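A.B. asks: Got a structure for you, written out below as structure tokens; questions coming shortly.
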Amino acid sequence: MVSVPFDGGRYVEHYLGNPASLSVLLVANGTAFLVGVSFYVHSDPSLAALPSILYPLFADSPTAIALATLSIATLLPNLRRRVRNAPVNVPLAYLHTFAFVWLLKYGLWTVVALTLRPDLYVGFTGAALWDYWGIVLTHLLFVVEAFAIPHYGRTTDRALKVALGALLVNDVFDYALGYHPPLRYDPGLLLPLATVVLSVLAVGVASRVFDRLGRVDPLAPGPGSGGAE
């Protein structure tokens, strides 16, 4: 039997470099974003209970999709050229880094959160088909989409540190202030701990899979504070 290695980069080049497939992906992301926002509009607590500046911290999955959509949309000027050679700069490095870690974290978080209480979510009939399997499978697509981003994006050490800080702030907002995504059970201590681990894991994976941007990060300390990245 002949073994054919999986070449993920080739598929990324094909789908993200092609106008039709890139457009379909952007439309799919936009639709998923609206579905996610609708969930948080009708949840308890809901978006209406918060000032708009806090929406990105509360609506975790829609925030991940929004960041991913912005990241992928930066490829539009690069259509019909190699995706791998898409232009990069410091602001884009931050955008791609944030999009990756938010997608990876909240794609995995949803699987963890629902699987911790299988008695409340897992089932094979009726509403459970969506309430567990549908939601888990759609959120695992977050992870797939996340791993396309390092193919065209870059990061910096400073961007990774800022992303970790932002994820941890999100964790404090979710559990210390009680604005975690609505669940059918009290998160207790295990889920918050798992969430913090996922924050660290997401940034750790980003550090491994992204190439570094070969220029100075203006948010890094100056030469007198340790030099540029």
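A.B. asks: Any residue that is modelled with pLDDT under 90 and among the aliphatic types (A, V, I, L, M) - is there at least one of those in segment 56-69?
C.D. replies: Scanning segment 56-69 turns up no residue that is modelled with pLDDT under 90 and among the aliphatic types (A, V, I, L, M).
A.B. asks: Might you check whether a residue that is modelled with pLDDT under 95 and within 23 Å of Thr69 (Cα to Cα) occurs anywhere in segment 183-205?
C.D. replies: No, segment 183-205 has no match at all.
A.B. asks: Tell me which residues, restricted to segment 79-112, are touching a strand residue (DSSP E or B) at 6+ places or on another chain (Cβ under 9 Å) and open to solvent by less than 50 Å² (accessible area, probe 1.4 Å).
C.D. replies: Leu92, Ala93, Tyr94, His96, Thr97, Phe100
A.B. asks: In segment 199-218, which residue that is open to solvent by 20 Å² or more (accessible area, probe 1.4 Å) and in a helix (DSSP H, G or I) is nearest to Gly153 (Cα to Cα)?
C.D. replies: Only one residue tops the list, namely Val209.
A.B. asks: Something else now. Please find, among Ala166, Ala128, the residue that is open to solvent by 10 Å² or more (accessible area, probe 1.4 Å), in contact (Cβ under 8 Å) with a residue 24 or more places away in the chain and of a type in the set (Gly, Ala, Ser).
C.D. replies: Selected residue: Ala166, the only one of Ala166, Ala128 that is open to solvent by 10 Å² or more (accessible area, probe 1.4 Å), in contact (Cβ under 8 Å) with a residue 24 or more places away in the chain and of a type in the set (Gly, Ala, Ser).
Matching residues to (1) modelled with pLDDT of 95 or more; (2) of a type in the set (Phe, Trp, Tyr):
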| site | (1), (2) |
| --- | --- |
| Ala99 | yes, no |
| Trp109 | yes, yes |
| Leu129 | no, no |
| Leu141 | yes, no |
| Val144 | yes, no |
| Thr156 | yes, no |
| Leu164 | yes, no |
| Asn170 | yes, no |
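A.B. asks: Given the structure, is Tyr15 surrounded by 12 or more Cβ atoms within 10 Å (Cβ to Cβ) and modelled with pLDDT of 90 or more?
C.D. replies: Taking the combined requirement at face value, the residue does not satisfy it.
A.B. asks: Going through segment 65-78 one residue at a time, which ones are surrounded by fewer than 19 Cβ atoms within 10 Å (Cβ to Cβ) and out of contact with any Pro (no Cβ under 9 Å at 6 or more places or on another chain)?
C.D. replies: Correct list: Leu70, Ala73.
A.B. asks: Looking at Asp119, Asp157, Asp186, can you tell me which residue is under 23 Å from Val88 (Cβ atoms), open to solvent by 40 Å² or more (accessible area, probe 1.4 Å) and among the acidic types (Asp, Glu)?
C.D. replies: Asp157
A.B. asks: Kindly indicate whether any position in segment 26-46 is hydrophobic (A, V, I, L, M, F, W, C), in contact (Cβ under 8 Å) with a residue 40 or more places away in the chain and either over 30 Å from His180 (Cα atoms) or not in a helix (DSSP H, G or I) (or both).
C.D. replies: no
The values are calculated or read from the model by the stated rules, or taken from the named source; none is laboratory data. In this text the structure is predicted, and so the values were computed from the model without any measurement. Cβ coordinates were reconstructed from backbone atoms using ideal geometry, including for glycine residues, and neighbour counts include every protein chain displayed. Surface areas here come from the heavy atoms of the whole protein model, side chains and all, with no ligands, DNA or RNA. Shrake-Rupley method; radii C 1.70, N 1.55, O 1.52, S 1.80 Å.
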